Amino acid sequence: MLAAIEILKAKRMLDCLVMLHFHIGSQITDIRKIKDAIREAGRVYAKLSRSGVEVRYLNLGGGLGVDYDGSKTSFDSSMNYTVQEYANDVVYNIKTICEDEKVPVPTLVTESGRAVTAYHSVLVSNVLDVADKIEQDKTVTLSGDENHVVRELYDVYKGVTAKNMRESYHDALQYKEELFTLFNLGYVSLEDRSKGEILFWDACDRIRRHLKNLKEIPEEFEDLERQLSDKYVVNFSVFQSVPDSWAIDQLFPILPIHRLREKPGEIATLADITCDSDGKIEKFIDLRDIKEFLPLHSFKRSQPYYLAFCLVGAYQDVLGDLHNLFGEAHEVLVAVDEENRTRILDLLPGETCERVLSYMNYERAEILEGIWKQLRKAVDKDKVREAEAKSIAKDFEVALSHYTYLEE
Ligand SMILES: Cc1ncc(COP(=O)(O)O)c(C=O)c1O
């Protein structure tokens with residue numbers, strides 16, 4: 001900086017130096033870091049000013065945090081200060097330094113990006129299904145011919161009480177292991193294995209019901225909770241719409257926007273529709289800790305059930321990528337007036353399959369021609385009928401102009 005001042009002086013351009021700027025990084029969670037930076041920058045400004053450089057603006061850059069998890073702590077997804085405290089600290093510290101150094105106070109400028117934009121955008125997406133659902137509605141009736149392990153699991157399941165749930169859990173785990181070993185050695189039939197597994201999960205479910213009445217879940221049962229949780233499949237791509245959840249484990253407030261008068265009875269993690277095993281969300285906000293599950297309502301295929309991913313307005317859309325070729329989602333621009341009435345201003349359709357494919361240098365005509373060539377060959381070899389080939393080609397044609405996500 002001093003070298004720059006020398007150059008400006010030599011060129012008689014020192015009056016062009018009007019702003020001192022710094023940026024300490026994004027999502028600063030601890031106010032002490034901000035205070036330290038302001039004090040340092042304040043001193044630099046004052047010393048410059050005293051040396052005759054007429055800097056008029058002090059630009060504090062960005063960094064003002066967003067309290068994603070609501071915990072008001074210096075945890076990564078939070079901040080231990082408010083915007084008011086930030087403003088107070090900036091103004092007070094700069095003013096004190098200026099008075100001390102007897103220089104005029106500068107005009108303060110900030111470039112807070114995240115704190116200004118995070119709130120403007122919410123991703124809304126529908127739950128499509130519940131994957132790997134453990135069938136708790138299947139009842140097992142014993143014929144008496146089952147392997148003894150199945151009988152043991154049945155007794156464990158029948159005998160679960162609030163008092164013996166720990167013992168029951170240990171027994172259930174042991175018998176399940178035995179069941180698998182015997183199956184692998186060829187001593188248990190497929191039917192018995194299925195019965196045994198259902199009984200094991202039924203016993204776990206009963207144990208979980210008792211656990212719900214405890215103030216705190218003992219550590220050894222945490223795994224059980226995890227195993228009994230459901231995986232809700234949501235019509236979105238983590239990599240396109242909430243990439244920071246995957247990249248830096250950032251937490252976002254996620255909640256259902258349906259059935260809010262009903263207590264959610266399930267616990268779930270979320271999976272997206274990319275075929276990437278990282279396309280999931282398994283960490284959720286919690287006031288004291290990170291939650292591994294999100295309380296959700298039981299999913300009914302006949303009813304729409306949408307989730308909102310809040311505070312995604314800062315950086316998620318720009319960071320989002322085309323992983324697995326899922327494009328940008330539809331956007332709806334909504335205005336809220338002073339009486340909290342909402343109005344849709346505009347609707348911007350999301351990207352189509354052909355558009356996303358064109359980013360990868362595959363053009364619509366070229367793809368369709370390729371498909372048609374293959375179909376033609378198949379028709380010539382009598383593998384596909386002419387009408388069938390036409391219908392397949394048509395399906396591709398239609399699909400290319402559609403959205404990359406699942407549509408009703
Ligand atoms: C120079 C500069 N100013 C401001 C910002 C905005 O930062 P934030 O969104 O953390 O407020 C950035 C972001 O990296 C930056 O590089």
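The values are calculated or read from the model by the stated rules, or taken from the named source; none is laboratory data. A quick note: this is a predicted structure, and the numbers were derived from the prediction, not measured. Cβ coordinates were reconstructed from backbone atoms using ideal geometry, including for glycine residues, and neighbour counts include every protein chain displayed. We work out accessible area using only protein heavy atoms, side chains counted, and drop any ligands, DNA or RNA first. Shrake-Rupley method; radii C 1.70, N 1.55, O 1.52, S 1.80 Å.
Residues in region 1-44 that are closer than 15 Å to Asn93 by Cα and more than 16 Å from the ligand (Cβ to nearest atom): Arg32, Lys35, Asp36, Arg39, Glu40, Gly42, Arg43, Val44.
Taking region 198-230 as the range and being open to solvent by 70 Å² or more (accessible area, probe 1.4 Å), in contact (Cβ under 8 Å) with a residue 12 or more places away in the chain and either touching a Leu at 6+ places or on another chain (Cβ under 9 Å) or under 20 Å from Lys138 (Cα atoms) (or both) as the test, the residues that pass are Arg206, Gln227. Checking the structure you have, find out if any residue of region 21-38 is surrounded by 12 or more Cβ atoms within 10 Å (Cβ to Cβ), in the same structural domain as Ser74 (by TED's automatic domain parsing), part of a helix (DSSP H, G or I) and in contact with an Asp or Glu (Cβ under 6 Å, 6 or more places away or on another chain). For region 21-38, residues surrounded by 12 or more Cβ atoms within 10 Å (Cβ to Cβ), in the same structural domain as Ser74 (by TED's automatic domain parsing), part of a helix (DSSP H, G or I) and in contact with an Asp or Glu (Cβ under 6 Å, 6 or more places away or on another chain): present. Quick one: would you say Asp129 is over 21 Å from the mean Cα position of the chain (by Cα), of a type outside the set (Ser, Thr, Tyr) and open to solvent by 20 Å² or more (accessible area, probe 1.4 Å)? No, not satisfied. Has region 393-400 got any residue that is closer than 18 Å to Gly327 by Cβ, in a strand (DSSP E or B) and in contact with a strand residue (DSSP E or B) (Cβ under 9 Å, 6 or more places away or on another chain)? No: region 393-400 contains no residue that is closer than 18 Å to Gly327 by Cβ, in a strand (DSSP E or B) and in contact with a strand residue (DSSP E or B) (Cβ under 9 Å, 6 or more places away or on another chain). I'd like to check something: does region 72-95 contain any residue that is at pLDDT below 95, away from the ligand (no atom under 16 Å from the Cβ), of a type in the set (S, T, N, Q) and out of contact with any Phe, Trp or Tyr (no Cβ under 9 Å at 6 or more places or on another chain)? Within region 72-95, one or more residues are at pLDDT below 95, away from the ligand (no atom under 16 Å from the Cβ), of a type in the set (S, T, N, Q) and out of contact with any Phe, Trp or Tyr (no Cβ under 9 Å at 6 or more places or on another chain).
Evaluate region 92-114: report whether one residue or more is under 32 Å from the mean Cα position of the chain (by Cα), farther than 30 Å from Phe200 by Cα and loosely packed, with under 12 Cβ neighbours inside 10 Å. Checked against the condition, which is being under 32 Å from the mean Cα position of the chain (by Cα), farther than 30 Å from Phe200 by Cα and loosely packed, with under 12 Cβ neighbours inside 10 Å, region 92-114 yields no hits at all.
All conditions in (1) part of a loop (DSSP other than H, G, I, E, B); (2) more than 16 Å from the ligand (Cβ to nearest atom); (3) among the charged types (D, E, K, R) hold for Lys47, with the sole exception of (1).
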